Amino acid sequence: MSPLRELFLLDPDVVYLNHGSFGACPRPVFERYQAWQRELEREPVRFITRRLTGLLAAARAALGEFVGAPADDVTFVQNATTGVNIAARALELRPGDEVLATDLEYDACDLTWEHVCERAGAHYVRAEVDRLFESRSERTRAVFISHVTSETALLLPVEEVVARARAEGLTTIVDGAHAVAQVDLDLTSLGADLYAGTCHKWLCAPKGSGFLYVRPEWQERAQAPIVSSGYCEPATFISRTERQGTRDSAAYLAVPDAIAFVREHDERGRCVALAREARRELCDLFGTEPLAPEEQILQMASVRLPHGDPTLSQRLFDEHRIEIPTMGPSDGLLRISIALYNDRNDVDRLLAVLPEVV
Ligand SMILES: Cc1ncc(COP(=O)(O)O)c(C=O)c1O
């Protein structure tokens, strides 16, 4: 077992190869998170009414520095899903408008767009990423794309898509749920209008910590899910989105600690190499073709199974204590995640049992 594994709260009896779903929070970051909660409970009024705004500003400053954006262009939200919801509504779509997306998007975000489009009389159009702009029409208002996809675990050419969409006058919304801490982000130079991220996946922050980056010209239209005291004039993008009634902000306050942790233990090079190696070995074992070129693989890889199997993931857990998901239509993909606490032994444990289980 990797020595880094001891820094995590994960069950030592489980081979954990599914960091991609919900991340995992290391002990020192989790302790800071709980310390913030205890501090709040010692003096709730002082903490919430006098200290919280300043503490959140400091946490946003650290996050902004990490993702390459001014602190006041980044607001904390609970997760990427919330960020995508705010972004979709900010477009203020009209009947006949179209939103163009790849056919590789996360299912919950597809539902968000379908819902928002349906209510506005607009259309959500999905196309293959390589031929995305062929589906563009004069009614297209915006482009939505994942930085790293969920089911297929692929790094997409977001820089090119954003640049072309902007050049064509389209609004760009990026789902960066898996990119935060897998990819070195520089959101200002990426140029997307709105970028939603999750901190509880690869940044290893506590659950319920995400962010939405919004370029200044869009901030007026980015409405919070809940209208609360932050709407009192003079309101700002941050005040409107940050104050959402009384809530526990400890996960946000622990984000700077998560940033410090992943910087101190930057294992990305090793993890990417191991994920790519595991992908080759799994493809060989199953006799299936890789989904995409190796350059599109970071710390997660999805591999085609010889045949779809909705029971496989549960059986691997029940019979072998291996946590790994199947994905896609008919559960035809096996998705392996390599986080900083994984090592070659974890992959070997999986490879050893697969011939018998598949
Ligand atoms: C591509 C993608 N977008 C969005 C999400 C949603 O993330 P969250 O549940 O943190 O909102 C996920 C979660 O797996 C994802 O894979």
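The figures follow:
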{"read-out": "Vicinal HN-Hα couplings computed from phi for region 153-169 (Karplus, 6.51 cos²θ - 1.76 cosθ + 1.60; Hz; Gly/Pro x)", "value": "6, 10, 6, 9, x, 5, 4, 5, 5, 5, 4, 5, 4, 5, 4, 8, x"}
{"read-out": "Nitroxide proxy distance, nm - points 7 Å out along Cα→Cβ at residue 289 and residue 115", "value": "3.7"}
{"read-out": "Environment charge at residue 310 (Cβ cut-off 15 Å; Lys +1, Arg +1, Asp -1, Glu -1)", "value": "-2"}
{"read-out": "DSSP-loop GluC sites (Glu not before Pro) across region 214-243, with at most 13 other Cβ within 10 angstrom", "value": "220"}
{"read-out": "Three-way shape call for region 1-90 based on the alpha-carbon gyration tensor, with the a/c threshold at 1.5", "value": "oblate"}
{"read-out": "Summed residue charge, Cβ within 10 Å of residue 254's Cβ, Lys/Arg positive, Asp/Glu negative", "value": "-1"}
{"read-out": "Whole-Å distance, taken between Cα centres, linking region 307-353 and region 231-261", "value": "36"}
{"read-out": "Per-residue [θ]222 nm for the chain (sum of -39500 (n - 2.57) over DSSP H runs n ≥ 4, rounded to 500)", "value": "-11500 deg cm²/dmol"}
{"read-out": "Zero-based 10 Å bins, Cα pair distances in the chain, whole percents", "value": "5, 24, 31, 25, 13, 2, 0"}
{"read-out": "Counted charge near residue 113, where neighbours are those whose Cβ lies closer than 10 Å (Asp, Glu -1; Lys, Arg +1)", "value": "-3"}
{"read-out": "Estimated FRET transfer efficiency (residue 128, residue 159; beta-carbon r; R0 22 Å; 0.05)", "value": "0.75"}
{"read-out": "FRET efficiency, 1/(1 + (r/R0)^6) with R0 51 Å, evaluated for residue 139 and residue 321 via beta carbons", "value": "0.50"}
{"read-out": "Estimated vicinal HN-Hα couplings, Hz - region 87-97 in sequence order (Karplus 6.51, -1.76, 1.60; Gly, Pro = x)", "value": "4, 4, 6, 4, 5, 6, 5, 10, x, x, 4"}
{"read-out": "For residue 126, residues with placed amide H under 5 Å, excluding near neighbours", "value": "101"}
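Read-outs throughout are calculated quantities, based only on the coordinates presented, and are distinct from any laboratory measurement. Quick caveat, the model's predicted, so the values are computed rather than measured. Counting neighbours? That spans all protein chains shown, and the Cβs are built from the backbone with ideal geometry, glycine included.
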